[in-house]
Structures are given as structure tokens and as C-alpha cells.
Amino acid sequence: MTATLRTPLLVTAIVTAGLQAGTYYVWACGVMPGLARVDDHTFVTTLNQVNQAIVNPVFMLTFLGAPILAAGAVVTGTPAARPWLIAGLVLAGATVAVTVLGNVPLNDALGRAASATDADVAVARAAFETAWVRWNVVRALTATAALAALGWAALRA
């Protein structure tokens, strides 16, 4: 049974890791640089809407699925691939941890500023933007590294 699940689990783990890496990459090189050009109210309103919209079943399947599927790949993987599978699992888990511990608290704080005065919106943006972008770069790197480790594991399997 383990051998039967090995390839589908690894391929699915790679795809979900790729989707996660792509999500954070797009935020890093397109979304946040674009939002850096808008006024404070537009920035806060837009990010609050996106932060609410992204918590949906499709995103959550890849967000949680990446480490879960990587764990399945570790369990079913070959000895030659296992070190890389473990690395992929750790990196996928790190991506979730960075999101939960770094980005989500910033998102929540920004959400509280949605109906604030103009001065408070500017303060909220200033407290959010640089820190959030840094955490996003970290998770883009961990997600991309997870993808690379899982891909290398596939070559070693």
C-alpha cells in the first residue's frame, strides 16, 4: 500500500507546495509593490478585503495541505528520498508557522483599523506594511525551499 501511495502523495505534495510558493511570490513581487503606490485608506481597505476573502476552502486546502501531504510523502517515501522529504515537511511547516505567527497577527491588527480615522489608518499602515512584507518574503522563501526539497526528493525516489 505504501508503494501505491508514494507517487500520488509526492506529486500532490509538490503541487500544493508550488501553489503556496506561487501565492507568496505573487504577493512579494506584484501585490504589495502595487499596493505600496496607493493611499492609506485604499491600502487598508483592500488588504482587509483580501485577508477576509483568502480564508476560503481552496486556499486552506493548499495552506494546510502542503505540510500534511509532505508528511504523507515522508511516511511513504523511499530511504534515498526521505531526508529531502523531511526537509520539505519542515519547510512547509515553517511556512505555516510564519504565516500564523507573523502575518496573521499583523492582518488582525490591520483589520481593527478598517473604520479608524485617517490618522489612525496611516499609523496602522505604517505598523503593518514593512513588517508584513518581510514576513511574506520569509514565507515565500520557505515555501519555495519546500517545493525545491520535495522536487529533489522526487528525483531521488
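The values are calculated or read from the model by the stated rules, or taken from the named source; none is laboratory data. What you see is a predicted model, and the numbers here were worked out from it, not measured in a lab. FYI the Cβ positions are ideal-geometry reconstructions off the backbone, even for glycines, and counts take in every protein chain you see. SASA here: full protein model, heavy atoms, side chains in, ligands and nucleic acids out. Shrake-Rupley method; radii C 1.70, N 1.55, O 1.52, S 1.80 Å.
Tabulated data
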quantity: Calculated FRET value between Ala109 and Val11, using beta carbons and R₀ = 35 Å, to 0.05; calculated: 0.35
quantity: Distance in nm between pseudo-label sites at Thr46 and Cys29 (7 Å out along the Cβ direction from Cα); calculated: 1.9 nm
quantity: Dipole magnitude (debye, nearest 20) for region 30-131, charges at Cβ of Lys, Arg, Asp, Glu; calculated: 440 debye
quantity: Sulfur and carbon atoms: percent of accessible area, region 61-121 [1.4 Å]; calculated: 76 percent
quantity: Top positive-direction residue, dipole computed over the chain with Cβ charges, set Asn51, Ile68, Thr130; calculated: Ile68
quantity: Mean-position separation - Cα centroids, region 131-147 and region 2-80, in angstrom; calculated: 11 Å
quantity: Inter-probe distance in nm under a simple model that places probes 7 Å from Cα toward Cβ, at Ala36 and Asp118; calculated: 2.5 nm
quantity: Mean ellipticity per residue at 222 nm, deg cm²/dmol - from DSSP H runs of n ≥ 4 across the chain, formula -39500 (n - 2.57); calculated: -27500 deg cm²/dmol
